[in-house]
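Okay, so here's the structure we're looking at.
The values are calculated or read from the model by the stated rules, or taken from the named source; none is laboratory data. Given the structure is predicted, the values throughout are model-derived calculations rather than measurements. Cβ atoms come from the backbone with ideal geometry, glycine included; neighbour counts cover every protein chain shown.
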Amino acid sequence: MASRVRKAPLHFAAIPQAEVPQGRNGKHKSIVEKILSDLNQVALGSAVRISLHELTDSKENVRSALNRASRKAGRAVATASDAEYLYVWNERK
C-alpha cells in the first residue's frame, strides 16, 4: 500500500510563468533615465546638477540606481552632493 504525502498549502498565489511580467521598471527608472539622457548631452568636463527636492527617494538610493544603470550601460559616471544638490558627471576613461 502506497502512503500519500500531504503537501502543505501554498502561502501565495501560483500563476503560469508565461503571465509573469518580464523586465523591471523600478521606482527610480524615470529619474535615472533623465539623468543619463542629460549626461549624453553635456560637454565633457560639465556636470548635471539635480535639486534634491526633485528626487522621489533619498539621494543614496538614486545614486545606487544610477550606479547600477550606468554599469549596465558600460559607462562611467561619478557623483557628488551637498545640502541642496546631487551632481553627476561623465568620468573620463
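Taken over segment 43-52, residues that are at pLDDT 95 or above and not hydroxyl-bearing (Ser, Thr, Tyr) amount to 5. Criterion applied to Val48, Val77 was being farther than 24 Å from Gly23 by Cα, of a type in the set (Val, Ile, Thr) and surrounded by 11 or more Cβ atoms within 10 Å (Cβ to Cβ), and the one residue passing it is Val48.
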